[in-house]
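Here is the structure we will look at.
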Amino acid sequence: VEGNEGASEPRFSEWACQRSTPLKHQNDFLATQLEILQKYAEMKDENHDYSRALAFRRASCVVKSFPITVTNVNQLNGINHVGPHSKRVIGELLDGYCDEINRIVNEEWFEKMKMFTGVFGVGPSTAKKWIERGWTSIKDAQESTDISKDWRVQWGLAFHDDLMNPVKSNEAYRFTEIIQTEAEKILPGIVVQLTGGFRRGKHQGHDIDILFTHPNGEETGFLPKLLTRLEKLNMVLCGSHESSSFHEKVLSEDFKLTARGQLDHFEKWLGICKLPKDLVSGDDAQIPLSNGLEKCTEIKENVDSLDDYEPKAKKQRKCHGDNSPFTIATSERDWIARRVDFIMSPYSQYYYALVGWTGSKQFNRDLRLYSQKVLNRKLTSHGFYDFTTGKTLPANSETEVFENLNLQYQHPKNRNC
Ligand code: CTP
Ligand code: MN
Ligand code: MN
Ligand code: MN
């Protein structure tokens with residue numbers, strides 16, 4: 001940390017959380033190619049170790065935040081996280097041909113793995129089983145009667161055509177505004193924040209991540225009420241509600257920094273929503289965040305009984321996969337299926353949750369590792385724990401989270417590692 005601040009030309013930090021990583025950068029080709037190696041290593045990995053995959057990801061993060069266009073691999077001499085393997089690959093790519101990557105992108109197995117893991121609820125191990133069965137297309141899985149009972153897989157397959165089509169930022173903004181409007185009716189003062197890739201300025205993503213909190217701590221029971229309301233508006237296809245599993249111990253417990261993301265203990269709802277098609281159409285760049293609701297007024301009917309949250313509805317909501325998934329041709333409906341994550345954070349943890357859910361995954365991984373290695377503290381989406389005092393440092397803004405970590409603030413748009 002020391003020695004960096006105030007210097008006119010800060011040296012290139014080994015920590016991605018001390019560097020600015022914008023969405024658009026000068027080494028896109030190299031980063032993309034290194035992430036092919038990351039993805040491939042993740043899929044090949046049998047012991048869920050992911051260290052090889054992460055090594056490629058860190059090398060990719062280096063080139064994404066590198067101040068100049070890499071034209072010669074020697075420009076990366078002495079830079080941490082660009083190991084011999086990544087260096088060789090970069091050298092070959094700059095010379096115009098990398099045999100290792102060329103073989104991977106031409107491997108049928110890799111194509112199928114990418115295709116199958118693109119299904120909601122399907123990870124590398126399920127994808128491998130499907131390949132072993134001889135399945136070569138999504139259709140093979142859709143037509144099989146012997147398939148995982150996991151509701152996510154069932155609905156994921158049924159609406160795969162919709163879900164593989166990326167969510168655009170205008171959709172995400174407009175959906176968030178609908179949620180904001182409905183949420184405010186249920187619980188005045190509720191904070192509704194679009195997070196994930198869209199908060200980092202991405203133009204498209206695989207889902208819509210919305211984080212909630214309430215400054216007066218009145219959030220108990222809110223998410224189920226919101227889901228009841230969205231069901232009335234005919235905007236829910238399926239999903240599952242998870243209660244908070246937070247307890248003080250999670251602040252200090254040993255934790256694993258894995259490649260497949262970090263688990264938190266917030267109350268959440270993960271599912272698939274039905275977004276009106278007219279919400280989806282329109283030009284990505286032109287819709288400002290503030291007036292996105294104009295086209296969706298027909299679904300903004302009056303609130304009737306928002307408090308009629310019966311146990312029966314609760315059971316259904318817990319797992320919509322209890323009902324068998326159905327399919328309707330996209331031309332026969334006025335909605336499109338979209339993956340949605342709703343997360344509820346207590347206000348005292350909110351800014352840590354905001355950093356955690358804004359991502360990127362790799363930015364978080366780096367923040368947490370930095371906090372462990374450099375500060376001997378544990379950072380999670382729930383707080384920042386000091387092992388020596390046994391206390392957590394409060395944060396009343398995102399800036400304060402960075403201050404607590406003794407890091408320069410990074411704008412979300414620069415957290416695209
Ligand atoms: N996240 C998390 N815990 C989870 C799932 C996700 O903390 N159980 C974090 C991830 O680290 C990520 C952010 O929440 O930074 C959003 O997750 P995700 O939607 O998977 O990634 P995005 O960056 O939004 O990418 P995409 O645009 O493809 O959705
Ligand atoms: Mn190697
Ligand atoms: Mn997301
Ligand atoms: Mn998500």
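Quick rundown of the values:
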read-out	value
Residue match in region 251-273 (condition: touching a Pro at 6+ places or on another chain (Cβ under 7 Å), more than 22 Å from residue 171 (Cα to Cα) and not basic (Lys, Arg))	no
Qualifying residues in region 390-417 (those that are part of a loop (DSSP other than H, G, I, E, B) and of a type in the set (A, V, I, L, M)) - the one nearest to residue 345 (Cα to Cα)	395
Subset of region 365-396 (residues that are farther than 26 Å from residue 31 by Cα, among the small types (Gly, Ala, Ser) and either buried (at least 20 other Cβ atoms within 10 Å of the Cβ) or in contact with a helix residue (DSSP H, G or I) (Cβ under 6 Å, 6 or more places away or on another chain) (or both))	381, 383, 395
Matching option when the condition is over 24 Å from residue 159 (Cα atoms), away from ligand 2 (no atom under 16 Å from the Cβ) and not basic (Lys, Arg), among 228, 213	213
Test: residue in region 63-80 that is within 16 Å of ligand 1 (Cβ to nearest atom), β-branched (Val, Ile, Thr), crowded, with 18+ Cβ neighbours inside 10 Å and under 23 Å from the mean Cα position of the chain (by Cα)	no
Residue check, residue 176 among the β-branched types (Val, Ile, Thr), within 16 Å of ligand 4 (Cβ to nearest atom) and either farther than 19 Å from residue 266 by Cα or touching a residue at least 12 places away in the same chain (Cβ under 8 Å) (or both)	yes
Options 121, 134: the member that is within 16 Å of ligand 4 (Cβ to nearest atom) and either in contact with a Pro (Cβ under 8 Å, 6 or more places away or on another chain) or outside the structural domain of residue 66 (by TED's automatic domain parsing) (or both)	121
Filter pass, residue 62 being in contact (Cβ under 8 Å) with a residue 12 or more places away in the chain and assigned to a loop (DSSP other than H, G, I, E, B)	no
Residue within region 209-222 that is within 16 Å of ligand 4 (Cβ to nearest atom), on the phi < 0 side of the Ramachandran plot and of a type in the set (D, E, K, R) present	yes
Residue check, residue 154 more than 16 Å from ligand 4 (Cβ to nearest atom), in contact with a Ser or Thr (Cβ under 8 Å, 6 or more places away or on another chain) and within 30 Å of residue 116 (Cα to Cα)	yes
Every residue from region 204-246 that is surrounded by fewer than 18 Cβ atoms within 10 Å (Cβ to Cβ) and within 13 Å of ligand 3 (Cβ to nearest atom)	204, 206
Matching residues in region 249-271 - criterion: being within 14 Å of ligand 1 (Cβ to nearest atom), touching a His at 6+ places or on another chain (Cβ under 9 Å) and either among the charged types (D, E, K, R) or at pLDDT 80 or above (or both)	250, 260, 264, 265, 266, 267, 268, 269, 270, 271
Qualifying position, being of a type outside the set (Lys, Arg), free of Cβ contacts under 8 Å to residues at least 12 places away in the same chain and outside the structural domain of residue 202 (by TED's automatic domain parsing), among 42, 35, 100, 92	92
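Let's see how each residue does on (1) more than 11 Å from ligand 1 (Cβ to nearest atom); (2) over 28 Å from residue 160 (Cβ atoms); (3) in contact (Cβ under 8 Å) with a residue 12 or more places away in the chain:
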position	(1), (2), (3)
328	yes, no, no
334	yes, no, yes
340	no, no, yes
346	yes, yes, yes
350	yes, yes, yes
354	no, yes, yes
357	no, no, yes
362	no, no, yes
365	no, yes, yes
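The values are calculated or read from the model by the stated rules, or taken from the named source; none is laboratory data. None of the values given here were measured: they were computed from a predicted structure. Cβ coordinates were reconstructed from backbone atoms using ideal geometry, including for glycine residues, and neighbour counts include every protein chain displayed.
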